[in-house]
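Visitor: I have a structure here, written as structure tokens, and I will follow up with some questions on it.
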Amino acid sequence: MAVKESVKEQTKSRAKLPKQYQVLIYNDDFTPMDFVVEVLMEIFDKEEQAAVALMMSIHRGSSAVAGIYPRDIAQTKAAEAMQWAREEKYPLKVEAVCVS
């Protein structure tokens, strides 16, 4: 009986990890590539070489993952990128999507 209680106690003490969200950046024909690279470097903390490679991935496909974060951080980064794009009059679409 003591073993069962020990196992139950160990199981209960584990903290649940928060759900993770992907921040997707979508390709469009109007947002300049340089602006996307700047967003990736400033908001998503990418190095220039990684930002350029990711921007090219977005350009060649329909979208790419800029990063994976807990919900609040993902939504904040997506909103920041969208706000910046709107201020610059670009139609860039960025959204946070649950991984699971």
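The values are calculated or read from the model by the stated rules, or taken from the named source; none is laboratory data. Bear in mind that the values here come from a model prediction, so they are computed numbers and not experimental data. We place every Cβ from the backbone using ideal geometry, glycine too, and count neighbours over all the protein chains shown. Only protein heavy atoms, including side chains, enter the accessible area calculation; ligands, DNA and RNA are left aside. Shrake-Rupley method; radii C 1.70, N 1.55, O 1.52, S 1.80 Å.
Visitor: Could you give every pair whose Cβ atoms fall below 8 Å, whose first residue belongs to the range 73-88 and is farther than 14 Å from PHE30 by Cα, and whose second residue is open to solvent by 60 Å² or more (accessible area, probe 1.4 Å) and among the aliphatic types (A, V, I, L, M), counting only separations of at least 6 or pairs across chains?
Guide: Close Cβ pairs satisfying both conditions: ALA74/ILE68.
Visitor: Of the conditions (1) part of a helix (DSSP H, G or I); (2) at pLDDT below 95; (3) among the charged types (D, E, K, R), ASP34 fails just one. Which one is it?
Guide: (2) is the only condition that ASP34 fails.
Visitor: In addition: When you go through LYS89, LYS46 one by one, which is the residue that is open to solvent by 70 Å² or more (accessible area, probe 1.4 Å) and either within 22 Å of TYR21 (Cβ to Cβ) or not small (Gly, Ala, Ser) (or both)?
Guide: Residue meeting the stated conditions: LYS89.
Visitor: Please find, within the range 58-81, the residue that is farthest from PRO32 (Cα to Cα) out of those that are open to solvent by less than 50 Å² (accessible area, probe 1.4 Å) and either among the aliphatic types (A, V, I, L, M) or in a helix (DSSP H, G or I) (or both).
Guide: The selected residue is ALA74.
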